[in-house]
């Protein structure tokens, strides 16, 4: 008995071929938009990095230590950093600042600007005088640093507002030192009179 096999279904074969061909086509259609987005994002990142890299950075002088009024700035007092977006600030330059006296107390880490400096002809500032005094232990609060606001108290006169300019070197007697006070010009005589007595004390006050 002879068995006759049915010929393969050509339609079924065509459908299988089409299925096989459709699979890679769908994969390519999905990958192409993703590749375009990735390229666009990467291009934007590279462009932004290049723009920031090419933009010129401005050098700034930073106080490397605390500075007191009248102190002459030297290279040991500063460090230089470079920054973006500071062109509008009145920054001090090495040419103008080095060798110039500081006009006000400047804490460590402060960006130095031109108004912080003055020439020797204008020190002390108009309306102020500098008075020196010999302190004894307990006369000046230990927490008072350069630039601190003080009141010079004495039984001989009314309180005199002052600022600590320099604390000097410790004397032979422990706790004693010669300090300098900045006082208003119209109270200089009162400050001297207060220092002539034995009741003079310096009181640390809040910043006005």
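Descriptive notes on the structure:
- Restricting the first member to region 94-106 and to residues that are at positive phi, and the second to residues that are part of a loop (DSSP other than H, G, I, E, B) and surrounded by 15 or more Cβ atoms within 10 Å (Cβ to Cβ), the beta-carbon pairs closer than 7 Å and six or more apart or on different chains are 99/73.
- Region 104-122 - residue that is assigned to a loop (DSSP other than H, G, I, E, B) and surrounded by 12 or more Cβ atoms within 10 Å (Cβ to Cβ) and, of those, modelled with the lowest pLDDT: 118
- For the criterion of being part of a loop (DSSP other than H, G, I, E, B), outside the structural domain of residue 78 (by TED's automatic domain parsing), surrounded by fewer than 18 Cβ atoms within 10 Å (Cβ to Cβ) and modelled with pLDDT of 80 or more, residue 161 fails.
- Residue 81 vs. criteria modelled with pLDDT of 85 or more, out of contact with any helix residue (DSSP H, G or I) (no Cβ under 9 Å at 6 or more places or on another chain) and either closer than 18 Å to residue 67 by Cα or part of a strand (DSSP E or B) (or both): yes
- Residue check for residue 101: surrounded by 13 or more Cβ atoms within 10 Å (Cβ to Cβ) and touching a helix residue (DSSP H, G or I) at 6+ places or on another chain (Cβ under 8 Å): yes
- Given (1) loosely packed, with under 10 Cβ neighbours inside 10 Å; (2) at pLDDT 60 or above, number of the condition residue 3 does not satisfy: (2)
- For region 123-139, the tally of residues that are closer than 29 Å to residue 100 by Cα and assigned to a loop (DSSP other than H, G, I, E, B) stands at 5.
The values are calculated or read from the model by the stated rules, or taken from the named source; none is laboratory data. Keep in mind the model is a prediction, meaning the values are calculated, not measured. So basically every Cβ, Gly included, is an ideal-geometry build from the backbone, and we count neighbours across all protein chains shown.
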